[in-house]
Each structure stands twice: as C-alpha cells, then as structure tokens.
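Trainee: One structure follows; several queries about it will come next.
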Amino acid sequence: MTKFKELGLKDEIIKALDEMGFEEVFPIQEACIPVLLSNRDVIGQAHTGSGKTAAFALPILQQITPKKGIQAMVIAPTRELAMQIAGEMKKFAKYTGIKTATVYGGQGMGIQLDALDRGVEIIVATPGRLIDHLKRGSIELRNVQHVVLDEADTMLDMGFIDDIQFILDLTPEERTMSLYSATMPTEILRLAEEYLKNAKQFLLDADDLSGEGIDQGYLVIKDRDKFNYLIDFIKPVKGQIIVFCSTKYRTRDVAKYLHQEKYDAVAIEGDMSQHRREQAMAKFRSGKADILVATDVASRGIDVPRVELVINYDVPNQDMVYFHRIGRTARAGLKGRAITFVSYSSVGDWNLIKRQIKTDLKDLNKEMGIEIKIPDPLKRQIPSRRYGGSGRSSYSRGSRSGGYGRSSRSGSSDDKGRDKKRYESRGGQNRYGGRSKW
Ligand code: ADP
Ligand code: MG
C-alpha cells in the first residue's frame, strides 16, 4: 500500500492528511495523482465512495501558489456537492495558505463577492452562479491552470454543456483538465475528447458498476403501502438512512409522515430555500437527524460516512441514477444496504435497471412472503425496450403514472432559472410546468 508521502506531496498537505486519518492512498488516487502532477489530462472513473475528491484536490494544492489569484476551478452539478468539495478542499489545504471560495446559486452575491475580494486561489462552483460572476467580472479565469469537472457525465450532458462550453472558453489553452464520475457513458467519453488533450483514462468495465459492497434488495408493493413498509425497514436501523423520492412533492410528503411518526428526518428538494437546504444538510451531516429524505439533488457525490441504508422509495428513472443513489452508502470501503420499493406501475422501469445489477439482488417479496398482485392492464404496460434511444418510452409512461419517469439525465442542476431556460431552449418543452422537478 502506498503512502501519500511517496507521491511526493508537500509536508503541509501530508500533515493535513494525517490529521484527517488518511493513511493509505486509495487506488483511484494512486492512479490519478502522478498523472495530474505531470500536467496530463485525466478521465477518472471509479466507484462511488472511492475517494475521487482527493484524487483531484491534492495535485491542485501541490501545484498552485498562495496569493497569485484564481489558479484552479472545480465545477459540480449541485450546491450541496460544491459545498462538500470545498469543505474537503479546505481541510486538505489547512497548512498550505491556499484559500477556496464556494460559488453557488441561492446564496446572496454579497457573501461570495466578499470572499472573492479577500483573495482565493481555488473556486468550487455550480455552473449557473459561476457564469453570473464571470459576466459581472467578479471571477477571472485567465490564470486558471487546473480545471475539474466532478460528476463529469452530468456536467457534459445536454442540460449543462452550453454552460460548460461558455466557462471553458474563458480558461487558458494551457490548462490541466480532469473529469470524474462513477459513470462514464461512451457518448460522454467521445464528447470529452473535444475538451481534453491526450487524456490518461482510468475506466471501469461496463459491468463493474454493480454496487459491490452494497447489500441490495427490492420489494414490489402497492404504492399506497410504501409508507408502512418504510417504517418497518427503518425501525431496526442504527446508522443513518437516505430515502430517495422521485418528486419534490413525494419528498415533502414522506418527510411529513416520518415527522408524524416521531422520526428525526430532514428533507432536501429544489423548492426549499437555500438556507433551509443548508440547515437540513448540516443536521444530517452532524448526525442530529437520522434520516434524509431527498430528490435526486442528493443522489450524486454526497458523502456522509454513517449512511447505512439507502431506500429508493420510488424507482429511479434510469440505471445510472440507481447506482449513484445507492452509492451514498458503503463509502470508503464500508458496508451498506440498499432497498428499492417498486410500485406495480414501475415494474417495467425496474426490470430495465435490474438487468444492470450484476451482484446478488434480494427478492424481498420472496424473503418476506409478500404476494405480488399486479392487475392485468398494468402488466400489459411493461415495456421491453431499453432506455436511452428515443427517451419516449420512459417519459410517456412516467407521466401516466403520476410523472415519476424522467427520460433524460439532464436537469441535474438546481439552478432553477437556468433549468427553465434549458428546457425552453429544447423546443419549449418544459416537462415540469416551468419548474425544475427536484
Ligand atoms: P467519491 O468522490 O469517489 O464518491 P469521495 O471523494 O467523496 O468519494 O470519498 C469518499 C470518502 O472516503 C470520504 O469520506 C473521504 O474523506 C474518504 N477518503 C478518501 N480518500 C481516503 C483515503 N485515502 N483514506 C481514508 N479515507 C479516504
Ligand atoms: Mg465524488
């Protein structure tokens, strides 16, 4: 096992890593750090919870200089993830004199302008607010040497690509750029070539994304029975739990029910004020709340080590979303459990995801002796087509069954104004009545 010192990192960084209890270098870090230190571009695909943040953060801290302006930029799809990355960056940077600013929507411009005025070397940002700063001149990317797209498949997806293009156009040609995600669809890899130069690629096998280390199961039940089963599953759990719902409304409802049952639950969804989102996340991170009920705004990147169980209260709209959601447990080599509730109308969607799960998957109906009684008309709706092609299959079905399905990976931003623009620019089609779904 390699130690961080052997990678040639500065003593100031090693000291912080020691304090954080980072002893051994994780494989993706061992792979990426030397390549980035030689200023070659990188595509880093590695499982959820495998330590991708340090893989890009440490080389940045090694190479940039305090008090010389913004030299590195990390872009992430959600506010919570941007805050988390900045928090981790600040811990690594504790003894280096390097400062990080977090730039995201929903927070007053004033706070961010003050932070920028004091001088920073690294910015961690969501695209929408970053563009606002670039347009008003409060952020300048001329001296940026390191660019990172975290959750890169989302960042290069339709919904974000124009924003990313705008931002990258303002960075120097001579930059080291790297992309990270647990999922890297081939079309995204192809697109990435336009932005990267001779990148060293670390990729997982297509069938390696199986949620290893996560004990997975599913239960087919009537939608209206879900809440009772939820209580049954969460009752015996000692660690923390995340419950993913498909819409903001469901998220609020489930959180409300849990409060009625006297659980310490917090919710996160896109309609909440930024202040309340931050309060909820802080309560969950500190362990003051046991349960986080969330839309997919929390499905990517969020790292809370005590999460022991992930419950998909609703079937995710796509296999990649499934793997990101369940990847909120079993972080950094720990064990975890994931249970998916499948309502009768979602059996078709679930079957498509199930095919991608290559590890053992528990049929909880069998284990618990719960009979499935799908009415005939619903059986006929079960599709045989895969997602991805026209996108119509998942969406049109989804809208009939109450709007759960979402056919596109885009719209991962919680920058609401921009989401709206994005949907409008795609032929005026706004599936969510002008508001982002989560
Ligand atoms: P990913 O981005 O791959 O999903 P993260 O970067 O969020 O994973 O890291 C997952 C967890 O592992 C975090 O809590 C992080 O602090 C921890 N971690 C990362 N690298 C190490 C290491 N080398 N030693 C110990 N813990 C680590
Ligand atoms: Mg990550």
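Please treat every number below as a calculation from the coordinates, not as lab data. None of the values given here were measured: they were computed from a predicted structure. Cβ: placed from backbone, ideal geometry, glycine included. Neighbour counts: every protein chain shown.
Trainee: Using only the alpha-carbon atoms, what does the range 1-99 span along each of its principal axes? Please give whole angstrom values in decreasing order.
Mentor: Extents along the principal axes: 34, 29, 27 Å.
Trainee: Rounding to the nearest 20 debye, state how big the charge dipole of the chain is about its Cα centre with +1 on each Lys and Arg Cβ and -1 on each Asp and Glu Cβ.
Mentor: Numbers: 68 positive and 58 negative charges, 258 e Å.
In total the dipole reaches around 1240 debye.
Trainee: Starting at 0 and stepping by 5 Å, how many percent of the alpha carbon pairs of the range 126-169 end up in each bin?
Mentor: The percentages, shortest bin first, are 5, 20, 33, 26, 12, 3.
Trainee: Quick one: if you stick a label point 7 Å off each Cα along the C-beta vector at LYS235 and ASP162, how many nm between them?
Mentor: Inter-label distance under the simple model: 5.2 nm.
Trainee: Evaluate the distance, in nm, between pseudo-label points positioned 7 Å from the Cα of LEU203 and of SER286 along their respective Cα→Cβ axes.
Mentor: 4.5 nm
Trainee: Based only on Cα atoms, what Rg/Rh ratio does the chain have, Rh being taken as Kirkwood's radius? Don't jump to the answer; show the numbers that get you there.
Mentor: Details: Rg = 21.5 Å, Rh = 22.4 Å.
Computed over Cα atoms, the ratio is 0.96.
Trainee: May I pose another question? Say the dipole of the chain comes from +1 at the beta carbon of Lys and Arg and -1 at that of Asp and Glu; which of PHE4, TYR344, GLN112 then lies farthest toward its positive end?
Mentor: TYR344
Trainee: Further question on the same structure: Hey, what does the equivalent ellipsoid look like for the range 214-378, semi-axes from the Cα gyration tensor as sqrt of 5 times each eigenvalue, largest first, whole Å? Intermediate results must be reported in sequence, preceding the final value.
Mentor: Working: eigenvalues 120, 62, 47 Å².
Its equivalent ellipsoid spans semi-axes of 24, 18, 15 Å.
Trainee: So what is Rg over Rh here for the range 94-212, counting just Cα atoms and using Kirkwood for Rh?
Mentor: Using Cα coordinates only, the ratio equals 1.00.
Trainee: Same structure again: What are the lysines whose alpha-carbon lies under 17 Å from the alpha-carbon of LYS373, with same-chain residues fewer than 8 places away excluded?
Mentor: Of all the lysines, those that pass the test against LYS373 - Cα under 17 Å, at least 8 places apart if same chain - are LYS222, LYS226.
Trainee: Please check: in the Gaussian network model of the chain (C-alpha springs, under 10 Å), which one of ASP41, ASP303, ASP162 has the largest mean-square fluctuation.
Mentor: The residue that fluctuates most here is ASP162.
Trainee: For the range 4-206, just the Cα set please: Rg and Dmax, both in angstrom.
Mentor: My reading of the Cα-based Rg and Dmax gives 15.8, 45 Å.
Trainee: Which aspartates and glutamates, if any, have their Cα less than 12 Å from the Cα of LYS354, not counting same-chain residues under 8 positions apart?
Mentor: List returned: ASP319, ASP363.
Trainee: Aspartates and glutamates near LYS3 by alpha-carbon distance under 20 Å, same-chain residues fewer than 8 away left out - which ones?
Mentor: ASP11, GLU12, ASP18, GLU19, GLU23, GLU24, GLU30, GLU88
Trainee: Could you give the dipole magnitude of the range 214-378 about its Cα centre, charging the beta-carbon of Lys and Arg +1 and that of Asp and Glu -1, in debye to the nearest 20?
Mentor: Dipole magnitude for the range 214-378 comes out near 460 debye.
Trainee: Counting every Cα pair in the range 146-259, what percent are over 20 Å apart?
Mentor: So the portion of pairs separated by more than 20 Å is 60 percent.
Trainee: Using only the Cα atoms of the range 219-290, what are the Rg and Dmax in Å?
Mentor: 12.5, 37
Trainee: Here is the link list: LYS52/LYS248; LYS94/LYS238; LYS90/LYS256; LYS335/LYS358. Which ones come out longer than 24 Å on Cα distance?
Mentor: Working: LYS52/LYS248 29 Å; LYS94/LYS238 33 Å; LYS90/LYS256 35 Å; LYS335/LYS358 17 Å.
In this structure, LYS52/LYS248; LYS94/LYS238; LYS90/LYS256 exceed 24 Å between Cα atoms.
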